[in-house]
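Shown next, in structure tokens, is the structure this report addresses.
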Amino acid sequence: MPSTSPRHRRVALPLAAAALLVPAATACSSGGPGGSGGDQRLKVAMAFPPAQAMSPYGDDAVTLSRLAVVEGLTGLDRNGDAKPALATAWKRDGDLAWEFTLRKAAFQDGTQVDAAAVVRSLAAAQKASPKPRALSDTTITATAEGAGTVRVTTKAADPLLPQRLANPSLAVLSAAAYKDNGKDNGKDNGKVDPAGHATGPFTLAKVNGAVSATLERNDTYWGTKAKAPGIDVKFVADGTARANALRTKDVDIAEYVPISQAALLGDNLVHEFPTARTSGLSLNTERGVFADPALRAAAREAIDSKTLATGVYEGRADTAQGLLGPGVPWAAELRTAPTGRAKAATPAEVAKTKEIVLATYTNRPELPEAATVVQQQLEKRGFTVKQVVRDYAQMEADALGGKFDAFLQARNTLLDTADPLSYLASDFTCDGSFNISQLCAKPVDTAVAKAASLADTDARHRAEMTAEAAILGADALVPLVHERFIQGYDDARVEGVALDPMERTLITADTHIG
């Protein structure tokens with residue numbers, strides 16, 4: 001196991017300090033390429049290959065956002081508050097409606113951003129299947145109020161709408177993105193192609209399946225033009241391979257460097273920062289062994305978070321306190337004890353159960369190792385465990401379909417709206433679109449619905465923690481650790497890499513070889 005002595009490690013920064021490392025957006029600048037390395041293409045190794053052919057309605061949307069391809073009406077600032085993007089301003093009109101004023105901007109295919117384009121994009125996202133997680137707890141309707149104003153209404157009051165519209169899945173794309181490039185007689189057939197049809201500083205020019213992608217600078221970008229002329233992306237699911245590519249300078253930037261490789265790379269290549277991501281064990285509450293609350297409770301009691309944090313994560317993670325960790329700084333103060341927990345089954349009762357299938361994915365290299373430790377802990381309790389470990393793209397559908405008894409995943413709790421409300425709704429409510437635990441519990445739905453109705457931030461946070469207590473009480477998810485992230489790049493050579501606790505940003509217009 002690599003050394004984890006202090007001289008080999010960077011101290012994790014507080015959330016706000018880490019966010020300060022994200023380059024500030026310049027909404028009105030039109031500066032061109034610059035810097036001594038401004039003419040060099042960036043070479044980037046990404047951990048997750050496209051899972052849905054770069055559709056903006058799944059996890060590929062985050063990849064598009066991290067590569068600075070797509071934009072929505074709004075973005076997020078360092079505090080998670082909405083900031084201007086394709087909309088320059090917005091105002092609320094009653095409880096159910098907001099009006100957004102659009103900036104002058106062009107799509108990468110040369111057509112203009114107008115209200116009709118925004119309405120088309122938001123309507124397509126609302127009708128998408130599966131529905132984007134950012135819309136799992138709401139329904140939006142967009143209408144054009146002239147060419148430069150969009151009115152967005154919701155069925156219920158939604159104080160988080162401006163933050164919600166910053167989600168990468170709600171990116172605004174040109175009309176051509178919604179046609180299969182003429183292959184279906186030019187008719188809209190439900191497919192969405194962001195390549196060349198978005199608005200970000202980089203244009204997605206080519207995708208070579210799950211292997212690579214090519215991006216070019218968008219020279220008509222409305223904001224600061226990218227300093228790098230383009231990006232050559234490799235999708236490398238193996239974390240050690242990403243680290244080796246960085247070490248040998250085969251790539252300039254490697255996302256999600258494995259903890260096991262951090263000390264070997266050295267401080268100048270390792271950049272550690274806290275995040276809002278929690279690794280947890282989702283237990284199938286609908287069918288199989290863990291449909292029994294007593295057996296879920298037994299599984300939860302079997303898990304030792306401290307062993308995982310100090311062993312698998314080599315001290316580069318925090319022991320689990322709940323669904324929301326240190327990356328959500330207000331959570332600890334408002335946390336209450338889990339409610340409604342069942343009494344755990346005895347070892348003798350556990351021993352009578354059928355074999356359970358524990359699944360995880362290879363894209364985050366700590367997860368398979370964590371799964372092995374979790375398997376040992378469960379077996380010590382009396383469970384019989386079979387592991388399934390594959391690339392994430394090959395198992396997402398099975399996980400969402402409830403085909404596993406337990407699924408170990410790392411989930412960013414602020415990814416959808418910069419507020420955990422969408423995470424709680426999508427992952428744990430009866431109608432949630434990312435409900436891997438298959439949970440359907442009235443106390444959870446009630447708490448989430450109450451939170452969604454509250455405009456006051458503090459009151460909403462208290463309702464969210466009530467939902468957390470109910471979810472933990474149902475043992476739908478057993479928190480394992482709260483992660484810190486490690487991005488890899490040579491800080492003496494590469495400039496402008498974003499260390500974003502919310503994971504939406506990696507490459508920016510300012511990212512370049514210095």
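The values are calculated or read from the model by the stated rules, or taken from the named source; none is laboratory data. Treat the numbers as computed from the prediction; the structure is a model and nothing was measured. Note that each Cβ is placed from the backbone with ideal geometry, even for glycine, and that neighbours are counted across all protein chains shown. To get the accessible areas, we keep the full protein, side chains included, count just its heavy atoms, and leave off ligands, DNA and RNA. Shrake-Rupley method; radii C 1.70, N 1.55, O 1.52, S 1.80 Å.
Odds and ends about this structure:
- Whenever a residue of segment 419-445 is within 21 Å of Asp405 (Cα to Cα), its partners that are of a type in the set (Lys, Arg) and part of a helix (DSSP H, G or I), lying with C-beta atoms within less than 7 angstrom and at least six residues away or across chains, give the pairs Ser426/Arg133; Ser433/Arg133; Phe434/Arg133.
- Residue list for segment 308-325, restricted to those being under 19 Å from the mean Cα position of the chain (by Cα) and surrounded by fewer than 19 Cβ atoms within 10 Å (Cβ to Cβ): none
- The residues of segment 38-73 that are polar (S, T, N, Q), over 25 Å from Trp98 (Cα atoms) and open to solvent by less than 30 Å² (accessible area, probe 1.4 Å), listed by number, are Ser55, Thr63.
- Restricting Thr360, Thr372 to those that are open to solvent by 30 Å² or more (accessible area, probe 1.4 Å) and β-branched (Val, Ile, Thr) reduces the list to Thr372.
- Evaluation of Ala53 against (1) at pLDDT 95 or above; (2) outside any strand (DSSP E or B) (one fails), failing number: (1)
- Within segment 377-406, the set of residues being part of a helix (DSSP H, G or I), among the aliphatic types (A, V, I, L, M) and open to solvent by 30 Å² or more (accessible area, probe 1.4 Å) comprises Ala393, Ala397, Leu400.
- In summary, Ala17 fulfils each of the numbered conditions (1) modelled with pLDDT under 50; (2) open to solvent by 30 Å² or more (accessible area, probe 1.4 Å); (3) assigned to a loop (DSSP other than H, G, I, E, B) with the single exception of condition (3).
- Selection within segment 193-232 - β-branched (Val, Ile, Thr) and under 25 Å from Lys179 (Cβ atoms): Thr199, Thr203, Val207, Thr214, Thr220
- Residues that are more than 19 Å from the chain's Cα centre (by Cα) and not acidic (Asp, Glu), drawn from segment 272-296: Leu283, Asn284, Thr285, Arg287, Gly288, Val289, Phe290, Ala291, Pro293, Ala294, Leu295, Arg296
Yes/no matrix, rows are residues, columns are (1) part of a loop (DSSP other than H, G, I, E, B); (2) more than 16 Å from the chain's Cα centre (by Cα); (3) surrounded by fewer than 24 Cβ atoms within 10 Å (Cβ to Cβ):
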| position | (1), (2), (3) |
| --- | --- |
| Leu408 | no, no, no |
| Leu421 | no, no, no |
| Cys430 | yes, yes, yes |
| Asn435 | yes, no, yes |
| Pro443 | no, yes, yes |
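- Condition met for Thr138 (in a loop (DSSP other than H, G, I, E, B), among the polar types (S, T, N, Q) and in contact with a strand residue (DSSP E or B) (Cβ under 7 Å, 6 or more places away or on another chain)): yes
- Filtered residues of segment 206-248 (kept if in a strand (DSSP E or B), in contact (Cβ under 8 Å) with a residue 24 or more places away in the chain and either charged (D, E, K, R) or open to solvent by 40 Å² or more (accessible area, probe 1.4 Å) (or both)): Val207, Arg217, Asp232, Lys234
- Tally of residues being crowded, with 22+ Cβ neighbours inside 10 Å and either aliphatic (A, V, I, L, M) or part of a strand (DSSP E or B) (or both) across segment 196-205: 4
- All strands (runs of 3 or more DSSP E) inside segment 74-114 with 3 or more residues being closer than 22 Å to Ser453 by Cα, open to solvent by 70 Å² or more (accessible area, probe 1.4 Å) and of a type outside the set (A, V, I, L, M): 87-93
- Within segment 118-141, being more than 9 Å from Tyr57 (Cβ to Cβ), open to solvent by less than 20 Å² (accessible area, probe 1.4 Å) and at pLDDT 95 or above holds for Val118, Ser121, Leu122, Ile140.
- Flag for Val328 being β-branched (Val, Ile, Thr), crowded, with 20+ Cβ neighbours inside 10 Å, farther than 19 Å from Asp292 by Cα and under 18 Å from the mean Cα position of the chain (by Cα): yes
- Taking the numbered list (1) outside any loop (DSSP other than H, G, I, E, B); (2) open to solvent by 10 Å² or more (accessible area, probe 1.4 Å) in turn, Ala469 passes all entries but (2).
- Condition check for Ala157: modelled with pLDDT under 95, of a type in the set (A, V, I, L, M) and either buried (at least 20 other Cβ atoms within 10 Å of the Cβ) or not in a helix (DSSP H, G or I) (or both): yes
- Remark: pairs (first residue in segment 117-142, within 13 Å of Ala175 (Cα to Cα); second residue part of a loop (DSSP other than H, G, I, E, B) and modelled with pLDDT of 90 or more; Cβ separation under 6 Å; 6+ apart in sequence or on different chains) = Val118/Val172; Ser121/Val172; Ser121/Leu173.
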